[in-house]
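Structure first, then comments.
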Amino acid sequence: MSCSFDSLTANAQLLGLGPKPAPTPVVIPTLQPPLPSFAFPEKQTLTFTVDWRVFTAGTAVFQIEQQGTVQKITATADSTGAVTMLFPVVDKFQAGFDTKTGCSTGFSKQVQEGRRKVSSELSFDYSQGKQKQVEKNLVKGTSKEQVASIPACVTDSLSAMFYAASQPMAVGQSIRLPLADSMRTVTVAMKVESKEEIKTPAGTFQTLKVEPTADEGIVKNRGHIWVWYTDDARHMPVQIQARLFWGTITFHLQSYETK
């Protein structure tokens, strides 16, 4: 009876002995450029009401504007009514991406949630393959700077929603993209789940329901998120829903302006 070296090695690994096989390397997808035929809005304002359970908890406004070849996005979120008395929220996020390549030009946020006040600035140096984040705690008066590597082109957590609109969308297919997230680069898959008719205060829309998923990072940690894009050439987001551990919040499009 003979026993080969390969079988001995395999048996040793099964018993937890000997060297373990090398982990499978993580492959980050390449960000695909926007379709040349896709027309980004030169100027657009999307206003959403934010509902939590049966309450209107706040308002969110996305302002999109082209500046040269860069699509600039400013998002604000403000609590309203009784929620403001319990937990006031005044948040502002800014980002941008190149309309030719899709690459993010940076991401910043100013967050005021309850007693927490934080500002953060994330910048990308693609020529050096580096990202830098400067975060300030405005309550304690402290700051922290971090530097990490990035691929040749990434998106950010705000730009991703509007960049995705520039990609082909068909039920059953996914848009895979590299997302700069907490000084790491994670892969996000935005799967087109179904076609749905959505009624909002701004009107009734035929939409494509898209769910972003990730194996790690902010997308995974925030529970389930869905975005409903219009099923037309615009791919305009008209509803957003996040199912979190403490409840579900839904953004319903209240109005939109393009001028």
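Quick notes on this one:
- Looking across Lys72, Lys100, Lys43, one residue alone is modelled with pLDDT of 95 or more, over 19 Å from Val227 (Cα atoms) and in contact with a Lys or Arg (Cβ under 7 Å, 6 or more places away or on another chain). It is Lys43.
- Flag if Tyr256 is aromatic (Phe, Trp, Tyr), in contact (Cβ under 8 Å) with a residue 40 or more places away in the chain, in contact with a helix residue (DSSP H, G or I) (Cβ under 7 Å, 6 or more places away or on another chain) and at negative phi: no
- Scan of the range 134-191 for residues that are at pLDDT 95 or above, in a loop (DSSP other than H, G, I, E, B), open to solvent by 50 Å² or more (accessible area, probe 1.4 Å) and aliphatic (A, V, I, L, M), ordered by number: Ala152, Val171
- Being in contact with a Leu (Cβ under 6 Å, 6 or more places away or on another chain), in contact (Cβ under 8 Å) with a residue 12 or more places away in the chain and surrounded by 12 or more Cβ atoms within 10 Å (Cβ to Cβ) holds for only one residue in Gly102, Gly58, and it is Gly102.
- Failed item, numbered, when Phe205 is tested on (1) assigned to a strand (DSSP E or B); (2) closer than 28 Å to Ser123 by Cα: (2)
- Annotation note: Cβ proximity below 7 Å between a residue of the range 183-199 that is among the acidic types (Asp, Glu) and a residue that is surrounded by 18 or more Cβ atoms within 10 Å (Cβ to Cβ) and in a strand (DSSP E or B) (sequence gap 6+ or interchain) occurs for Glu193/Lys209; Glu193/Val210; Glu196/Thr207; Glu196/Lys209; Glu196/Trp228.
The values are calculated or read from the model by the stated rules, or taken from the named source; none is laboratory data. Just so you know, these numbers come straight off a predicted model, no measurement behind them. Note that we place each Cβ from the backbone using ideal geometry, even for glycine, and neighbour counts take in every protein chain shown. The area values use the complete protein model at the heavy-atom level, side chains included, leaving out ligands, DNA and RNA. Shrake-Rupley method; radii C 1.70, N 1.55, O 1.52, S 1.80 Å.
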